[in-house]
Each structure stands twice: as C-alpha cells, then as structure tokens.
Amino acid sequence: METAIPRRMLTIGKVSLGDLTSLIQLEEKGVAAHPWLNGQGITLTEIEQQQLAIVQSRLLNDPTHLLNEATIWSRAIYPLLLLAERDNIRAWAEVTLSAQFSTFDISGIADGAIGQSIAGRLISPYLVVVETKRGIEGADPIPQLYGQLLAAAYLNWKADNQDPQEIFGCYTIADSWTFLRGEISQLEEERPMLRVEYSREYSEKYDAEPILRILKQIVNRRSTP
C-alpha cells in the first residue's frame, strides 16, 4: 500500500526561496524597461499632483532609513496606494491570503494590496505589497513576495478560471519601491510555474510621480477587460 505524500504547509512570512523552488517552477528575468512600467497614457490630475507634492515634502527632510516601518508605511507607502484607487478598486492594509495548490498550501498576511472590492471585502488582488523589515528582524523580501504572488494568483484563478494569471507585487525598503510582474500558470499541475519580471528601484523622495504612474498603470491593466 502506497503512503500518501504529506502536503506542505507554507507560511508566507516565513517561506524561503528553497521551500518555493522545491514546489514550483521559477523563471526570473532581470531588471528592464518592461512595457508595464512605462505609464503610457497615464495622466495625473492637478489634485493628485498636489497630494504627491505634500507626501514628498514630508519625506525630503526626514532620515527615512532611521524611521520605523509603521511610520514609513503611514507617511509614505499607504498614501500612494490610496492615490491609485478608482471606482471599486481600493487600497488595503494587512490582507489575509491563502491558497491550496495540488501539493502544498500557502497562507499569510500581505502588508498591503490594491484590488477590486465589494461590500468591504477584497475579492481580487491586483497588487500585493511587502514592507521589508530592517535591523535584526530583516530578511530577504523576495520569497515572501513570491508567496504572496502565488496566493493572490490562486484567489483570482478561483474567481475567473483564467490560466495564466497576471499579478503584480512590490517590496518597499524605507521609501524605496521595487515592482514585480508575475505570471503564474499551470495552477492545477503538480509544479505551478511562476515567471517574474523586475523594475528598477524607485525612491519616493524623488520618484513619487513615476511610482504613482506605475500603480495606476497596474490598476488600468488589471481592470480593463
């Protein structure tokens, strides 16, 4: 009698790259000027430009590398996520994600997300965010973000049955943002495929407008049929 192979149970905040690569196929591409980063056709209103100027003015004279994560989140990261909202697409903090693939489960909390919301519930994540801890608690944000991409893609797949799934993510370190585009395919197979593209690093002190344009581009890309 064959013994069933136990399912792996992964926690997003503790997952390692080795954990993931033992269970999925991973293809990573380097930093490039990918089309989803160009912000083509994105226009900012006068009010949005004024709000960006206020956010930047609060950061210019602050030693952001010394501020704690909660302060940076409230002063820098979340305000830009809010500016990307439109219609029923909302910015969220502390989002629970969970997925059940054929050989493993993965669950945990995303520090932030942008996605379609109905009746106060996030039902379709477009972008997931990792706020990287620093100091002795610091760790590589990439495995955690990959875990979030997988879980978010699974939730969207259960809703629309599309394979592959396109999902975006970013990790922040102080006021610096790095974006990722993920394409998750073969979601029902034993080893799902995750393909990832990277942006360059953006400093919110100087690149607030390009960051917001990317956020709006992601919202437009995911919300346009």
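Data for the structure
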{"quantity": "Tally of residues being small (Gly, Ala, Ser) and in a helix (DSSP H, G or I) across the stretch 15-44", "calculated": "1"}
{"quantity": "TYR198 aromatic (Phe, Trp, Tyr) and in contact (Cβ under 8 Å) with a residue 60 or more places away in the chain", "calculated": "yes"}
{"quantity": "Positions within the stretch 50-59 being more than 10 Å from LEU83 (Cα to Cα) and either charged (D, E, K, R) or touching a helix residue (DSSP H, G or I) at 6+ places or on another chain (Cβ under 8 Å) (or both), in sequence order", "calculated": "VAL55, GLN56, ARG58, LEU59"}
{"quantity": "Of all residues in the stretch 193-223 being in a strand (DSSP E or B) and of a type in the set (Gly, Ala, Ser), the one that is modelled with the lowest pLDDT", "calculated": "SER203"}
{"quantity": "Close pairs from the stretch 79-105: first under 20 Å from ALA53 (Cβ atoms), partner polar (S, T, N, Q), Cβ under 9 Å, at least 6 apart", "calculated": "PRO79/GLN51; LEU82/GLN51; LEU83/GLN51"}
{"quantity": "Which numbered condition PRO35 fails, given (1) loosely packed, with under 12 Cβ neighbours inside 10 Å; (2) under 17 Å from the mean Cα position of the chain (by Cα)", "calculated": "(2)"}
{"quantity": "Enumeration of residues in the stretch 99-123 that are within 16 Å of GLN165 (Cα to Cα), surrounded by fewer than 19 Cβ atoms within 10 Å (Cβ to Cβ) and in contact with a strand residue (DSSP E or B) (Cβ under 7 Å, 6 or more places away or on another chain)", "calculated": "ILE123"}
{"quantity": "Residues satisfying the stated conditions in the stretch 2-49, i.e. closer than 28 Å to LEU83 by Cα, in contact (Cβ under 8 Å) with a residue 12 or more places away in the chain and among the hydrophobic types (A, V, I, L, M, F, W, C)", "calculated": "ILE12, VAL31, ALA32, TRP36, LEU37, ILE42, LEU44"}
{"quantity": "Number of the exception - PRO164 against (1) in contact with a helix residue (DSSP H, G or I) (Cβ under 9 Å, 6 or more places away or on another chain); (2) surrounded by 22 or more Cβ atoms within 10 Å (Cβ to Cβ); (3) closer than 25 Å to ALA32 by Cα", "calculated": "(2)"}
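This table checks each residue for (1) out of contact with any helix residue (DSSP H, G or I) (no Cβ under 6 Å at 6 or more places or on another chain); (2) loosely packed, with under 12 Cβ neighbours inside 10 Å; (3) over 22 Å from LEU44 (Cα atoms).
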| position | (1), (2), (3) |
| --- | --- |
| ASN61 | yes, yes, yes |
| ILE72 | yes, no, yes |
| ALA84 | no, no, no |
| ARG90 | yes, no, no |
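The values are calculated or read from the model by the stated rules, or taken from the named source; none is laboratory data. Here the structure is a predicted model, which is why all the values come from computation and not from measurement. Cβ coordinates were reconstructed from backbone atoms using ideal geometry, including for glycine residues, and neighbour counts include every protein chain displayed.
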